[in-house]
Amino acid sequence: MNMHQRFEPGSAATNGIGFGEFVVMIAALLALNALAIDVMLPGLQEIGAALRVQDENDRQAVLSAYLLAFGVGQLLVGSLSDRFGRRPVLLGGLALYVVAAIVCASAPSFEALLAGRALQGLASAAPLVVVTAVVRDRYSGRKMASVMSLAMMTFMTVPVLAPSVGQLVLLLTSWRAIFALLAVYGIIMAIWAWRRLPETLPPRLRRTASVRDIASAARNVVTTRETLGYAIAGGLMFGANFGFVVSAQQVFTQVFGLGRYFPIAFAAVAVTMTLSAFINSRLVGRLGMRTISLRAVAIFTALAATLLGLAFFGLLQFWAFMLLVGGMMFLLGMVFSNFNALAMEPQRSHAGTASSFIGSVTTALAAVLGYLVGQAYDGTVIPLGTGYLTLGSATLAIILFTDRRKPI
């Protein structure tokens, strides 16, 4: 599939938006979540100092509160989008995202900031769930994975650039301006989606919002082994990624002494995920999602064991850390879109609920596991390496248990 190819009959292309713009818009909507997490990494110390949070591990709550609420919000958003359509839910979520960013920018205390972050996490559930459901409305199988990979390739530039953007904001003004920046981005995306993104769920396919109907759809999702298995696998891998994100500022500045230059090292690691998403979009049609995912997780686990071994024996140099973590981030980029597509594949008739459930399970697991990895930080890389190895091994076991069929 190339960037000039149009949608299938009855898709968004017939309403004036082409394939290229659609992919970029999907990526930009997904980036609302990534930006809300990564742009403030350089500001954690300033936030802690301004709001009197002394323990650096406690400052990680700015990220954890957002992610936990993000997971909870996804349970509701999918059912609402199945009932009322994709556009109203998306636009409502974007409006709430802007309001939450303003609350955070004006927060007088750390508790108020955490409340604003939780509200922003709830709001961010709408873009993710709706985007996934929209793609599933239009595509299936390898084509769906290819579309998501192209979108992921674009949106993964955000973790590369976001910390540097946050650092630049801090050089010019205070940490509160970071949240003002998020509000502006939310407004831009709301206007773009309102003007250009059509409804992809016809009224005849919409479901009621009754408790019985929602429970029936949720039961279908939970009892589909492929959906449940790959949702959990995605949560474990996302947890490994989040464990690195919440620990990154401390690891780079304290263990390796990079100071304010840590966004450069973080960007060097994050850029590997962008590259891997592009490669995955090219390979998935030939090799299949399962083959790529299984091999990527196996290699990830081997690299994690190497990282932990070097850290445990005090042999881990900065260059080796960058190579190993960069390699593992590359492999994570290979599996994220594949896991989501594999979990969504059996769920065409319940796309919204399935997207909600998958996103909620993935995010809730990631929030808890990433928080545990971050809280275990002890001034060394050993907790991070232990988390990587444990989560990689568990993911590998789940994949093997979930689907023994030949790759598709």
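Within the range 295-350, the set of residues being modelled with pLDDT of 90 or more, buried (at least 21 other Cβ atoms within 10 Å of the Cβ) and assigned to a loop (DSSP other than H, G, I, E, B) comprises L316 only. When R295 is tested against (1) touching a Phe, Trp or Tyr at 6+ places or on another chain (Cβ under 6 Å); (2) closer than 16 Å to I398 by Cβ, just one condition goes unmet, and that condition is (1).
L201 meets each of the listed conditions (1) modelled with pLDDT under 95; (2) assigned to a helix (DSSP H, G or I); (3) aliphatic (A, V, I, L, M) apart from (2). Can you confirm whether I279 is free of Cβ contacts under 8 Å to residues at least 60 places away in the same chain and in contact with a Phe, Trp or Tyr (Cβ under 9 Å, 6 or more places away or on another chain)? Yes. Scanning the range 378-395 for residues that are touching a Ser or Thr at 6+ places or on another chain (Cβ under 8 Å) and surrounded by fewer than 18 Cβ atoms within 10 Å (Cβ to Cβ) yields a single hit, S393. Among what's in the range 22-55 and is part of a loop (DSSP other than H, G, I, E, B) and of a type in the set (V, I, T), pick the residue that is surrounded by the fewest Cβ atoms within 10 Å (Cβ to Cβ). Among those that are part of a loop (DSSP other than H, G, I, E, B) and of a type in the set (V, I, T), it is V53. Please indicate, with yes or no, whether at least one residue in the range 389-401 is farther than 29 Å from A215 by Cβ, at pLDDT below 85 and either outside any helix (DSSP H, G or I) or among the hydroxyl-bearing types (S, T, Y) (or both). Within the range 389-401, not a single residue is farther than 29 Å from A215 by Cβ, at pLDDT below 85 and either outside any helix (DSSP H, G or I) or among the hydroxyl-bearing types (S, T, Y) (or both).
What do you reckon, is V129 at pLDDT below 90 and more than 19 Å from G20 (Cβ to Cβ)? Reasoning before the result, please.
Values: at pLDDT below 90: yes; more than 19 Å from G20 (Cβ to Cβ): yes.
Considered against the rule, which asks whether it is at pLDDT below 90 and more than 19 Å from G20 (Cβ to Cβ), V129 comes out as yes.
Flag set for A268, criterion: in a helix (DSSP H, G or I), touching a helix residue (DSSP H, G or I) at 6+ places or on another chain (Cβ under 8 Å) and exposed (fewer than 15 other Cβ atoms within 10 Å of the Cβ).
Which one of these is crowded, with 18+ Cβ neighbours inside 10 Å and free of Cβ contacts under 8 Å to residues at least 12 places away in the same chain: T253, T227, T274, T223? Spell out how you get there, then give the answer.
Values: T227 fails: free of Cβ contacts under 8 Å to residues at least 12 places away in the same chain; T274 fails: free of Cβ contacts under 8 Å to residues at least 12 places away in the same chain; T223 fails: crowded, with 18+ Cβ neighbours inside 10 Å.
Of the residues listed, the single one that is crowded, with 18+ Cβ neighbours inside 10 Å and free of Cβ contacts under 8 Å to residues at least 12 places away in the same chain is T253.
Can you confirm whether the range 81-93 contains a residue that is at pLDDT 85 or above and among the acidic types (D, E)? No, that holds for no residue. In a residue-by-residue description of the range 284-306, the property of being of a type in the set (F, W, Y) and over 19 Å from L400 (Cα atoms) applies to no position. Of all residues in the range 184-197, exactly one satisfies the criterion of being surrounded by fewer than 18 Cβ atoms within 10 Å (Cβ to Cβ), closer than 21 Å to L119 by Cα and touching a residue at least 60 places away in the same chain (Cβ under 8 Å), namely I187.
Which ones in the range 363-388 are touching a Gly at 6+ places or on another chain (Cβ under 8 Å), at pLDDT 85 or above and of a type outside the set (G, A, S)? The answer is L365, V368, L369, L372, V373, L384, Y388.
The values are calculated or read from the model by the stated rules, or taken from the named source; none is laboratory data. Keep in mind the model is a prediction, meaning the values are calculated, not measured. So basically every Cβ, Gly included, is an ideal-geometry build from the backbone, and we count neighbours across all protein chains shown.
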